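In what follows, a structure is listed as structure tokens, so that the remarks can point back to it.
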Amino acid sequence: MAETFDPKLIESCIKGDRAAQKALYDRLAPRMFPLCIRYVGDRSLAEDILQEGFITLFTRLESYKGEGSFEGWARRIFVTTALMSLRKKDALKMSEDLEAARGLKTETSSQVQNIGYKELMELIMTLPPGFRTVFNMYAIEGYSHKEIADMLGITETTSRTQLSRARIWLQEKIKKREDV
Amino acid sequence: MSEKNNIFENDLLMRAILEGGQEEVPGHIWDAVSAGLDKAASGQKKTVTLWWRRAGVSVAAVAAAVASVLVLSRPESADIVPAAVQGDMIAVVEQPAQENIMTEEAVEMEAGRQLQKKAAGLMAYVPEASVMQTGPAAIEELSAREDAQTAAPEETAEIRKEEMSPAAQERASEKAAAKRVSDEVSTKEYFPVVWDDEDDQRNKVRTSVVVSGITGASSSQNKGASGILKAPALTLAPAETGIIEKNSTSRYGLPVSVGAGVKIDFTPKWSLGVGLNYTLLTRTFNGTYTHVSEAGAINNLVTSDIRNSQHYIGIPVNAYYNIVSSKHVNFYAYAGGAVEKCVYDKYRVITNSIVHKEPAKGVQLSANIGFGAEFMLGEHLGLYLDPSLRYYFDCDQPKSIRTEQPLMLGFELGFRFRL
């Protein structure tokens, strides 16, 4: 469930109140850090994304007009910051690493129920960057394939393909973990 | 439950698992964020440029150039060069839109913002709600959204599309319509975030306005130089008005230029400067002035010292390479050239103040290279020195210090003011 944020706190942050900014940071950072980790797959790089994302968030806080949830608005900033970092490192190539995973049937939902947060994070972090990005954006953040295609500069078909491969890959990893 | 619903349920379950997840954030991150905010705040103050300031500076620069032309081209005494000009420093005003010095960190941040802008420019839709949804209703919504999208070719054959019931179709279209509206709002709200970055980035390309003065030196400045007056007087016919240089000795005045320009920084290392300048070249020689009336009668024949003033308007272009940049001093190299046109070639017979004008054809081409240093005297003030080596090509221009000694050492010294 998304947190709600006091408009007065946000107003103080806009005015440059450092204590208010720290308070907002303390509430948001633990929730945004996992997002950064999920996208870039590396904790130290995620720290850079988190830092850059918060600087962008505070400098652009005036543009938040109160429509939609504040956390949702903040998440978009961090997602974009993460995508920029991946693009800078040329890490958004749609690789063919999951060819071997094609043809596997989708497992039942019970497989996912048996996995915890840390295990799932580790699995997502080990996805190839292109698949991980599409999976994060579609399955976790809720972007549509058209939105993903526009943001990543790929076709909707490619977005669907990468997503399905990412799912299959994850399912296989989860199944292997269960079998062990 | 269908295979598709299984997939969506997996997505939702994973989303639910990750939704409440939190990670411990290292303490140094806030310190870095705080420092970044301080830097951004100080940068914003410097980057606030008011168009009226730019306009005012530009007007002042043009007015200074025009005033210089008017002052220097008025009837003058027999002095070769005003003593006050020789070796004087002329105030140089450079008012860049942005801070001229950028640390590596700031450069990286700006590069990141540029990339942010580029990718965000591709964003056509931004989901209005990122609050994770769970539950059967969410499964149905995801299913409806998936079905609403066009079918994929054979790569996704493993995911079969189910036929939607009319009620589901209606719900899907209603939600799609609502989502489009919210996406529009979200996009409009979000685009200013990235368009601001784009505007800021555009401004941060650093455009400077420069008003400068330059004086040149040559080893043969006051020496006699052999030469023939390169003017139509060279082919002066017996019954033609003009000037003939009697001997080869000339006394050359110190060339002086004033101008205004724009310097654009394309990268932290490279920038390009373009400007408009005015140059005054003077020399004094002994010659004979002959005036022939329309009827062919010689009205005046005077042998005297004659002072020649040549007024050039030119367009200099220079490329600058920033070698070393720090808080207190910048060192750079620059190279370029100029195209100048002589707009006024005047000869004044000193004994009787007769003034004769000659037309100058063609343009003067030159090339220059040099190293410069700027010393920061404060946050907004810098003192710079730009020595350079200049070469003036033979372009059939009126005789001057440039034609006699084409390789010259130039000095530009002044102040740069930053807004």
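FYI, it's all coordinate maths here, none of it is from the lab. From a predicted model like this one, the values you see are computed outputs, not experimental measurements. With ideal geometry, Cβ positions are generated from the backbone for all residues, glycine too; neighbour counts draw on all protein chains shown.
Considering segment B:322-419, what Rg and Dmax in Å follow from its alpha-carbon atoms?
Computed over the Cα atoms of segment B:322-419, radius of gyration and Dmax are 18.7, 58 Å.
From the square roots a ≥ b ≥ c of the eigenvalues of the alpha-carbon gyration tensor of segment A:125-180, which class results: rounded (a/c under 1.5), prolate (a/b over b/c), or oblate?
Note, shape of segment A:125-180 comes out prolate.
By average Cβ neighbour count within 10 Å, what is the ranking of B:345-351, B:35-41, B:282-288 from highest down?
Packing order, densest peptide first, comes out as B:282-288, B:345-351, B:35-41.
What FRET efficiency do you get for B:LEU301 and B:LEU409 if R0 is 41 Å and r is their Cβ-Cβ distance, rounded to the nearest 0.05?
Once rounded, the FRET efficiency stands at 0.55.
Rounded, prolate or oblate, given the Cα gyration tensor of segment A:7-88, with a/c below 1.5 counting as rounded?
Prolate, since a/c reaches 1.5 and a/b exceeds b/c.
Among B:HIS311, B:HIS328, which comes first, then next, by fewest other beta-carbon atoms within 10 Å?
B:HIS328, B:HIS311
Given a Förster distance of 45 Å, report the FRET efficiency between B:PHE331 and B:ASP396 from their Cβ-Cβ distance, rounded to the nearest 0.05.
It comes to 0.75.
Please list 3J(HN,Hα) in residue order for segment B:373-390, calculated via the Karplus relation 6.51 cos²θ - 1.76 cosθ + 1.60 where θ = phi - 60°; whole Hz, with x for glycine and proline.
Result, ordered by residue: 9, 10, 10, 7, 8, x, 5, 10, 10, x, 10, 10, 9, 10, x, 8, 10, 10 Hz.
Using 7 Å Cα-to-Cβ label points, what is the B:ASN286/A:THR126 separation (nm, one decimal)?
For the pair B:ASN286/A:THR126, the computed spacing is 9.9 nm.
Report the extension gain between B:LEU276 and B:LYS346 in nm, rounded to one decimal, defined as 0.36 nm multiplied by the number of residues separating them, less their alpha carbon distance.
23.0 nm
What is the fewest-to-most order of B:TRP30, A:TRP169 by other Cβ atoms lying within 10 Å of their Cβ?
Listing B:TRP30, A:TRP169 from fewest to most nearby Cβ atoms yields B:TRP30, A:TRP169.
In this model, which of A:LYS88/B:LYS269; A:LYS65/B:LYS263; B:LYS269/B:LYS399; A:LYS65/A:LYS146; A:LYS65/B:LYS269 are farther than 30 Å apart at the alpha-carbon?
Those over the limit are A:LYS65/B:LYS263; B:LYS269/B:LYS399; A:LYS65/B:LYS269.
Between B:GLN22 and A:ALA19, what FRET efficiency comes out of the Förster formula 1/(1 + (r/R0)^6) with R0 = 30 Å and r the beta carbon distance, rounded to 0.05?
Working from the Cβ atoms, E equals 0.85.
Starting with the fewest neighbours, write out B:ARG15, A:ARG76 ranked by other beta-carbon atoms found within 10 Å of each beta-carbon.
Taking fewest neighbouring Cβ atoms as first place, the list is B:ARG15, A:ARG76.
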